Amino acid sequence: MNVISRRRLPLAAAGALGSCGGAKQEQPAAFAGRSVVSVLKASSYDADLTRTILLGLAQAGLPDVRGKRVLLKPNLVEFDRATAINTHPRVVLAAYEALRFLGASVSIGEGPGHRRDTFGLTEEAGYWQQFRALDDYFVDLNRDDVRSVGPFLGRPEFYFSETLLAADLIVSLPKMKTHHWAGATLSMKNFFGAVPGAVYGWPKNLLHYHGIANSIVALNRRFRNTFAIVDGIVGMEGNGPIQGQPRPMGALVFGRDLIAVDATCCRLMGIEPSRVEYLQLAADLGAIPELQIDQRGENPAALRKNFDLLPQFAGLRLG
Amino acid sequence: MNRKMAGIYRSERVEVLRAHQNADGGWGYFAGKRSWLEPTVYGLLALHEEMDTAHWQRGWNLVRSWQLPDGSWRPNQQVTEPHWSTALAVTLHCARRQYDAPFRRGVEWLLEQRGEESTTMSRFLGLFMENHIGHDRKFAGWPWLPGTTSWIEPTSHALVALKRAAPHVNLTGLRRRVALAEAMILQRRCADGGWNYGSRAALGIALPSYPETTALALLGLQSCADADLGQDLIRARELWQRCESRLGRAWLAVSLRSFLVEIPADERPIAKNDILATSLEALAAPNGGFLFLRPEARA
């Protein structure tokens, strides 16, 4: 059945119509295993984040990355000095240093959803102040060379960046934010940036047609060689992912199971993860219930701060 | 920018383009990467004075080889699907004055495309649904990808191409499509006077205009008799003055110069790795090829 969601509709149609909200999928059988998620305090971007990230990687069970190609995938959307939209460059730098210390060959890649000039955005967002010769190891995933992976998202051929496809491990480095269509945008939705704009446009309207939740889950089924480090030092609440307000949370969240990481981030933000549509659809991929998550570091309940939610998401509030 | 400075500015960029042309004749988005249609078209336009040379011809042959049987163009050798950059290939044909069958099939393909929201079926279904964003569905623009909705940038590229092509094809409906797309762009003008990438507001909150989409919208609206673009050009100049993005600034310079708006010299150093930005900067120079993006009557 083709379900037209009121939330999804305007985006799918950029204004108009909605025969295109994406088919709603059956909820899959729940994941039966256990996953480890680490939550560590980080009071500011001036703290020794490399040390914190090394601890988080160890606690959350980062696989051996010696000699491996690791792609860091931050979330770069838009720059506005007044708020906190993008993954902070100091978190990305610390992750870069930590993974290099562990012996990985590290590159950074992003394909922003609606801004064409990715390098311009890295400049505005302060990345060039943190990294020397950033263009030596930063890849614009929107305009990289591409390769077909065969059928995907209902298309007979689908194309992804070759750098992304060649990575042994993709580390999703999102900002902890609410999202005006998806409820929350965390390590799983960050994979929208993996879809090359040079093929599919800005924004990546195809993903809206397929349904935002469906697309998030499809991308995360496609890319399983992943790890997450969520920048929750200062998150965003309200009308995210761009027009919301900064919300200091003072935490970094780590894990190999991105579903469990996002579920934990939701709890930190005062959101009930089992009510978030994309997590429901991904329930077979990873752990959502607290009882299935081995929590390391801080207790999320103790750090919880209820992020402001738009009225249409009031029902997501964690009890 | 004085004439000598302008010459140096442009020649530096042209040199970079010559140095980074791929063996197949095209350019990648970045130096050393595989060829794509978009940077190849702008690279060739930037080197427009060299159309008779072998290296220009190699690029041209590559573009011609990427046309698909339905008249559209693929974006590179790897992707085998019709692509929004078909409009750029049509514009390149106009610059080369090559008004042959492939050109005509490209124009015809463009005219067959429209944003999904403005198809007959969608407009009918729209009668029964709330129009959250308030776009008028009869104003048909162009999508990035066939079967999806229309956006400012692909619509602007298509308008530039069709306005250049119009004197050389006699196709029913071309002028009406141009008028509808112009109306679509005008309807989506942001409150601050420029253009965002698709809408003027989201969830009732006004969206800001962006440099690149404002520049492209203005290019698409060239010669639009129904539009008073005076305030938009002021907005575009403001954006140009404070724009940090090299690509956005280059697009704005192309657009402002097409409207004969004076802007001072851009003294920022060349970005050797970003081929698209380099091409657009060369096109935007006072003696560059931005005239190829103007409707022919004004060129």
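What to note about this one:
- Of all residues in the stretch A:102-120 being more than 12 Å from chain B (Cβ to nearest Cβ) and over 17 Å from A:Ser172 (Cβ atoms), the one that is surrounded by the fewest Cβ atoms within 10 Å (Cβ to Cβ): A:Gly103
- Looking only at the stretch B:77-127, and only at residues there that are within 13 Å of chain A (Cβ to nearest Cβ) and among the charged types (D, E, K, R), the one that is nearest to the chain's Cα centre (by Cα): B:Arg114
- The stretch A:86-101, subset touching an Asp or Glu at 6+ places or on another chain (Cβ under 9 Å) and crowded, with 23+ Cβ neighbours inside 10 Å, residue nearest to A:Asp64 (Cα to Cα): A:Ala94
- Of all the listed residues (B:Glu15, B:Glu38), the sole one being closer than 23 Å to B:Glu108 by Cβ and assigned to a helix (DSSP H, G or I) is B:Glu38.
- Per the conditions (1) surrounded by fewer than 24 Cβ atoms within 10 Å (Cβ to Cβ); (2) in contact (Cβ under 8 Å) with a residue 60 or more places away in the chain, the sole criterion not satisfied by B:Val90 is (1).
- Against the numbered list (1) within 19 Å of the chain's Cα centre (by Cα); (2) within 14 Å of chain A (Cβ to nearest Cβ); (3) more than 19 Å from B:Val90 (Cβ to Cβ), B:Pro146 comes up short only at (3).
- Candidate set from the stretch B:186-229 (those that are among the acidic types (Asp, Glu) and over 15 Å from B:Glu153 (Cβ atoms)); member that is surrounded by the fewest Cβ atoms within 10 Å (Cβ to Cβ): B:Asp228
- Condition met for A:Lys189 (under 21 Å from A:Val91 (Cβ atoms), touching a residue at least 40 places away in the same chain (Cβ under 8 Å) and surrounded by 23 or more Cβ atoms within 10 Å (Cβ to Cβ)): yes
- Listed by first and then second residue, the pairs with beta-carbon distance under 9 Å, at least 6 apart or on different chains, first residue in the stretch A:134-162 and facing another protein chain (nearest Cβ under 7 Å) and among the aromatic types (Phe, Trp, Tyr), second loosely packed, with under 15 Cβ neighbours inside 10 Å and not in a strand (DSSP E or B), are A:Tyr159/A:Val149.
- A:Asn220 vs. criteria under 21 Å from A:Leu141 (Cα atoms), out of contact with any Lys or Arg (no Cβ under 8 Å at 6 or more places or on another chain), buried (at least 24 other Cβ atoms within 10 Å of the Cβ) and within 14 Å of chain B (Cβ to nearest Cβ): no
Listed here are the residues, each with its yes/no results for (1) among the basic types (Lys, Arg); (2) surrounded by fewer than 20 Cβ atoms within 10 Å (Cβ to Cβ); (3) more than 21 Å from the chain's Cα centre (by Cα).
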site	(1), (2), (3)
B:Ala19	no, yes, yes
B:Gly28	no, no, no
B:Gly32	no, yes, yes
B:Val41	no, no, no
B:Leu47	no, no, no
B:Arg58	yes, yes, yes
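- Residue under evaluation B:Trp251, criteria (1) closer than 25 Å to B:Val107 by Cβ; (2) modelled with pLDDT under 95; (3) in contact with a Pro (Cβ under 9 Å, 6 or more places away or on another chain), criterion not met: (2)
So that you can scan it fast, the table gives a plain yes or no per residue for (1) more than 14 Å from chain A (Cβ to nearest Cβ); (2) surrounded by fewer than 21 Cβ atoms within 10 Å (Cβ to Cβ); (3) assigned to a loop (DSSP other than H, G, I, E, B):
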| residue | (1), (2), (3) |
| --- | --- |
| B:Asp232 | yes, no, no |
| B:Leu252 | no, no, no |
| B:Ser255 | yes, no, no |
| B:Glu267 | yes, yes, yes |
| B:Ser279 | no, no, no |
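- Candidates are the residues of the stretch A:107-126 that are touching a strand residue (DSSP E or B) at 6+ places or on another chain (Cβ under 9 Å) and free of Cβ contacts under 8 Å to residues at least 40 places away in the same chain; the one that is farthest from B:Gly248 (Cα to Cα) is A:Ile108.
- Selection within the stretch A:108-130 - of a type in the set (A, V, I, L, M) and part of a helix (DSSP H, G or I): A:Leu121
- Pick from the stretch B:2-56, criterion charged (D, E, K, R) and within 14 Å of chain A (Cβ to nearest Cβ), ranking: nearest to B:Gln77 (Cα to Cα): B:Arg34
- In the set B:Gly288, B:Gly248, only one residue is of a type outside the set (Asp, Glu) and within 14 Å of chain A (Cβ to nearest Cβ); that residue is B:Gly248.
- Assessment of the stretch A:131-140 against the conditions (in a loop (DSSP other than H, G, I, E, B), surrounded by fewer than 18 Cβ atoms within 10 Å (Cβ to Cβ) and at positive phi) yields at least one matching residue.
- Filtering the stretch A:164-175 for residues that are in contact (Cβ under 8 Å) with a residue 40 or more places away in the chain, hydroxyl-bearing (Ser, Thr, Tyr) and within 21 Å of A:Ile259 (Cβ to Cβ) leaves a non-empty set.
- Helices (runs of 4 or more DSSP H) wholly inside the stretch B:99-210 that include at least 2 residues being free of Cβ contacts under 8 Å to residues at least 40 places away in the same chain: B:101-112, B:120-126, B:174-187
- Residue within the stretch A:147-163 that is under 27 Å from A:Ala47 (Cα atoms) and buried (at least 24 other Cβ atoms within 10 Å of the Cβ) present: no
The values are calculated or read from the model by the stated rules, or taken from the named source; none is laboratory data. Remember, predicted model here, so these are calculated numbers, not experimental data. Using ideal geometry, Cβ is built from the backbone for each residue, glycine included, and neighbour counts are taken over all protein chains shown.
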